[in-house]
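Notes follow once the structure below has been shown.
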Amino acid sequence: MAQRCIKAGCFDTRFVPYVPSMTKLALDPLKHGWLVTALISVILVLGAWHLTWLEAVELRLFDTVQSAVLGDEIRQDITVVLIDDDDIERFGWPLPDSVLSEAAERILSADPKVLGIDLFREEPLGDASEALDAVQVDPRVVWISRLFAQPGSGLRAPVSVSQDNRDGFADFPIDKDGTARRALMMVATADDLELSFAYRVALLAQGEIQPSASASDPAILAFGQTDLPPLDETFGAYMSVDAAGYQVLIDFENALPVVQTISLRDVMDDTPTDALAGNIVLIGSGSDVVKDQFRTALNAGLSRSGQTSFTFGIQLHAVVIAQFLDNYAGLKGPVRSPSQTLLWIVVCAAATGGAFVVSRARTAAAAILGGPVMAGVILVGLTLPLQWNIWFPSLPVALAWATSSLLALSMLMASARRDRRALRRLFAAHVSPDLVEEIWDNRDLVLSGGRPAPKSLFCTVLFADLYGTTRFGGTVEADQFGEWLGRFLDTMSKCAHDHGGFVEKYTGDGIMLVFGAPVPDLTDAARRLSAQRAARCARQMLEGVTWLNKSAMHPYRIRVGIHSGEVLCGTFGQTGSRQYTVLGDAANIASRIEEFGKKQSKSGTSPGIVCISEFTANMLSNDFETRACGRLQHDSGHEVFEIYEIVYDAKNQET
């Protein structure tokens, strides 16, 4: 038999050469890979953000959230006189001056704060222009106009109203998707400062004529108790919006109709004084025939009962006026949004977090929960601040988390395939395919730093060796001897695989097996089971020898030694020639027990002998019959072992 080099106490880790680790196994944290995926994710997301590829989706999400939190309250301090299809059928369109002046007089007689007329009337229409002139000079009347409209276009307010600064433009900025989300408060022209219709009505309702600046910043408008900073071109989800003029975001609070609404018929037939007195009253079109309609968050979000596909212009003015009134009273501040720098920081943090979390997942379920599911939580969670007028774009943050986590998962899966192949290459020659799978499934227990690092494990070690081979080898040709020996080693390997044994090495004309490694036995029951598997393997080896001897050119006889105890296990060697090795006193004792079998005489027809230590014998079940056969002194000379033989006869044979 080949000389063994395992001696008790001879192993010294100081003399183990440095072994570069294998590629990290999947679901074992990557040292730098997750940072790479985070960086790639940041580049992709911020690139898409700055190219405005995400703008439309983020705006749609903004609409959906706003729609979801809309209240059903009907404001009572604003009344809209909506001129619907029935009114147009009855009174005609455009409304004659006679109808418009009578309606205005009836409303003014109810003593409203302000009457806002959202009907273009630059020139008289009909025979009642004098009556309408009387309405125009009333200081409570505000008239609509079109921004930059030329005289004679029919889109300007009456001259008397304009001269008294009681006109306001109707224009709303429209986003690329055709939705109105912003209100234009004022625009500086070459000659003057033009105010919007809604802003002019809100100012007049508070007894003010001209805008006022904030005490803290002259560049910001102040309205009552609230400063209203203008939108910039990168506000919220916008990346390059046209922020010309002084714009604010429309804060949709309630679903349509938003404010109390009556028809023109109601005014003309029986003026509802209670609905008008002390209110802001607005007159405007509510007919599909008149093209004064906008798509807003009131229409673009989640479907609601009674929701229409558009908002009439007069209703949108009412929404903005209500918003300004709340600003004036200090009931609501403007919608705020983080700076681009803060958004970038959060995106970077999300990308890093997504990659880091997934890289530390140990199961597919954990990876999914930490990746796409968490991205969904972020997407929803960052929309919640909208309830407090904070618009934090959630899509780029959620997308950064999702992208980095999916990239990390892809890298880990690729690493898993590589490392699984590496694991198979490392162990395939030593264990059965089933045990390779078990090692993979328990890789967290087996591996450290990407390779099977040295660990102290409790194992059962088995040495099996042919005896009488030297004499026989000298009597036959080398190829015949090689074939004879190969049949024996193949049979012994099959026995090892059948019982989950790890082939630590072939020792010339013998074999060394380990039970309880590389996957460690963590409980006493598992350790007993490994000892019993080793004993059954040894018994099957005797059966295999018996079967081989039926057709062998020379009879096989084996000695088997088994002992259980602590050993040092790990992968040692240089790159390209690593081997999983078991070292230590328990292995040395098993080798000594196998050599002890030389002293036990057996008949010429016996396939061999199996000797075990007393410690291992005490771990076997009642299925094994043993008998004492001697003592063995430890190399140190301070310890003596009782040695037992496993009785082998027909009743113990296994198929």
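The values are calculated or read from the model by the stated rules, or taken from the named source; none is laboratory data. Quick caveat: nothing in here was measured; it's all calculated off a predicted structure. Cβ sites come from the backbone with ideal geometry, for glycine too, and all protein chains shown count toward neighbours. In case anyone asks, the SASA skips ligands and DNA or RNA and just uses the protein heavy atoms, side chains included. Shrake-Rupley method; radii C 1.70, N 1.55, O 1.52, S 1.80 Å.
Limited to the range 41-83, what total is found for residues that are under 28 Å from I262 (Cβ atoms), of a type in the set (D, E, K, R) and open to solvent by less than 40 Å² (accessible area, probe 1.4 Å)?
Number satisfying all stated conditions: 1.
Collect the residues in the range 449-465 that are surrounded by 15 or more Cβ atoms within 10 Å (Cβ to Cβ) and at pLDDT below 90, keeping them in residue-number order.
G450, R451, P452, P454, K455, L457
Could you count how many residues in the range 209-232 are in contact (Cβ under 8 Å) with a residue 40 or more places away in the chain and more than 19 Å from S196 (Cβ to Cβ)?
Of the residues in the range 209-232, 1 are in contact (Cβ under 8 Å) with a residue 40 or more places away in the chain and more than 19 Å from S196 (Cβ to Cβ).
Just to be sure before I move on: is S309 over 26 Å from Q225 (Cβ atoms), modelled with pLDDT under 90, buried (at least 19 other Cβ atoms within 10 Å of the Cβ) and hydroxyl-bearing (S, T, Y) in the structure I sent?
It is false that S309 is over 26 Å from Q225 (Cβ atoms), modelled with pLDDT under 90, buried (at least 19 other Cβ atoms within 10 Å of the Cβ) and hydroxyl-bearing (S, T, Y).
From the list L155, L147, which one is touching a Ser or Thr at 6+ places or on another chain (Cβ under 8 Å), of a type in the set (A, V, I, L, M, F, W, C), surrounded by fewer than 19 Cβ atoms within 10 Å (Cβ to Cβ) and assigned to a loop (DSSP other than H, G, I, E, B)?
L155 is the lone residue from the list that is touching a Ser or Thr at 6+ places or on another chain (Cβ under 8 Å), of a type in the set (A, V, I, L, M, F, W, C), surrounded by fewer than 19 Cβ atoms within 10 Å (Cβ to Cβ) and assigned to a loop (DSSP other than H, G, I, E, B).
Report those strands (runs of 3 or more DSSP E) wholly inside the range 449-526 carrying at least 2 residues which are of a type outside the set (A, V, I, L, M, F, W, C).
Numbers: elements: 455-466, 502-506, 510-515.
Answer list for the range 449-526: 455-466, 502-506.
Do you know which of the residues in the range 627-646 that are in contact (Cβ under 8 Å) with a residue 40 or more places away in the chain and aliphatic (A, V, I, L, M) is surrounded by the fewest Cβ atoms within 10 Å (Cβ to Cβ)?
Pass one, the range 627-646, residues in contact (Cβ under 8 Å) with a residue 40 or more places away in the chain: 632, 634-636, 641, 643, 645-646.
Restricting the remaining residues to those that are aliphatic (A, V, I, L, M) gives 632, 643, 646.
On the way: L632: 20, I643: 24, I646: 23.
Applying the filter and picking the extreme gives L632.
Within the range 244-261, can you find the residues that are open to solvent by 30 Å² or more (accessible area, probe 1.4 Å), farther than 19 Å from T64 by Cα and among the hydrophobic types (A, V, I, L, M, F, W, C)?
A244
Mind listing whichever residues of the range 315-345 are assigned to a helix (DSSP H, G or I), surrounded by fewer than 19 Cβ atoms within 10 Å (Cβ to Cβ) and out of contact with any strand residue (DSSP E or B) (no Cβ under 9 Å at 6 or more places or on another chain)?
Correct list: Q340, T341, L342, W344, I345.
Exactly one of (1) in contact with a strand residue (DSSP E or B) (Cβ under 9 Å, 6 or more places away or on another chain); (2) among the polar types (S, T, N, Q); (3) in a helix (DSSP H, G or I) is unmet by T352. Its number?
Result: T352 fails condition (1) only.
For the range 275-298, check the following and say yes or no: at least one residue is assigned to a loop (DSSP other than H, G, I, E, B), farther than 18 Å from A170 by Cβ, among the hydrophobic types (A, V, I, L, M, F, W, C) and modelled with pLDDT of 90 or more.
Yes - at least one qualifying residue is present in the range 275-298.
May I ask you to list the residues in the range 355-396 that are open to solvent by 30 Å² or more (accessible area, probe 1.4 Å), in a loop (DSSP other than H, G, I, E, B) and hydrophobic (A, V, I, L, M, F, W, C)?
L382, F392
Report whether or not Q163 is farther than 21 Å from V258 by Cα and surrounded by fewer than 19 Cβ atoms within 10 Å (Cβ to Cβ). Show your work before the answer.
Details: farther than 21 Å from V258 by Cα: yes; surrounded by fewer than 19 Cβ atoms within 10 Å (Cβ to Cβ): yes.
It is true that Q163 is farther than 21 Å from V258 by Cα and surrounded by fewer than 19 Cβ atoms within 10 Å (Cβ to Cβ).
If a residue must be under 23 Å from A538 (Cβ atoms) and surrounded by fewer than 14 Cβ atoms within 10 Å (Cβ to Cβ), how many such residues does the range 476-486 contain?
Adding up the residues that qualify gives 1.
Might you check whether a residue that is in a strand (DSSP E or B) and basic (K, R) occurs anywhere in the range 181-190? Give the steps one after another, and end with the answer.
Of the range 181-190, the ones in a strand (DSSP E or B) are 182-188.
This time we only want the ones that are basic (K, R), so: 182.
Checked against the condition, which is being in a strand (DSSP E or B) and basic (K, R), the range 181-190 yields at least one hit.
Would you say I558 is buried (at least 20 other Cβ atoms within 10 Å of the Cβ) and more than 57 Å from the chain's Cα centre (by Cα)? So that I can check it myself, show each step before the final result.
Working: buried (at least 20 other Cβ atoms within 10 Å of the Cβ): yes; more than 57 Å from the chain's Cα centre (by Cα): yes.
Taking the combined requirement at face value, the residue satisfies it.
Enumerate the pairs (first residue in the range 244-257 and in a loop (DSSP other than H, G, I, E, B) and at pLDDT 90 or above; second residue anywhere and among the aromatic types (F, W, Y) and crowded, with 19+ Cβ neighbours inside 10 Å) with beta-carbon separation below 9 Å, excluding pairs fewer than 6 apart on the same chain, so at least 6 apart or on different chains.
Short answer, once both residue conditions are applied: I250/F172.
Quick one: what pairs do we get from the range 614-626, first residue touching a residue at least 40 places away in the same chain (Cβ under 8 Å), second of a type in the set (D, E, K, R), C-beta under 6 Å, 6+ apart or different chains?
M619/R528
Return the pairs, sorted by first residue and then second, in which the second residue is part of a strand (DSSP E or B) and at pLDDT 85 or above, the first residue lies in the range 500-519 and is closer than 13 Å to A586 by Cα and open to solvent by 10 Å² or more (accessible area, probe 1.4 Å), the beta carbons are less than 7 Å apart, and the residues are 6+ apart or on different chains.
Pairs that qualify, where the first residue is closer than 13 Å to A586 by Cα and open to solvent by 10 Å² or more (accessible area, probe 1.4 Å) and the partner is part of a strand (DSSP E or B) and at pLDDT 85 or above: there are none.
Just to be sure before I move on: is F172 open to solvent by 20 Å² or more (accessible area, probe 1.4 Å) and touching a Leu at 6+ places or on another chain (Cβ under 7 Å) in the structure I sent? Give the derivation first.
Working: open to solvent by 20 Å² or more (accessible area, probe 1.4 Å): yes; touching a Leu at 6+ places or on another chain (Cβ under 7 Å): yes.
When the stated conditions are applied, F172 passes them.
Restricting to the range 534-583, give me the number of residues that are assigned to a strand (DSSP E or B) and either of a type outside the set (K, R) or at pLDDT below 85 (or both).
19
What are the residue pairs meeting all of these: first residue in the range 109-132, first residue closer than 18 Å to P96 by Cβ and open to solvent by 10 Å² or more (accessible area, probe 1.4 Å), second residue basic (K, R) and modelled with pLDDT under 95, Cβ atoms under 6 Å, and 6 or more apart or on different chains?
Here the result reads E122/R156, each pair linking the range 109-132 to a residue that is basic (K, R) and modelled with pLDDT under 95.
Which one of these does G473 not meet: (1) of a type in the set (G, A, S); (2) over 17 Å from C611 (Cα atoms); (3) surrounded by 23 or more Cβ atoms within 10 Å (Cβ to Cβ)?
(3)
I'd like the residue in the range 199-242 that is among the aromatic types (F, W, Y) and touching a helix residue (DSSP H, G or I) at 6+ places or on another chain (Cβ under 8 Å) and, out of all such residues, is surrounded by the most Cβ atoms within 10 Å (Cβ to Cβ).
Ranking the candidates gives Y199 first.
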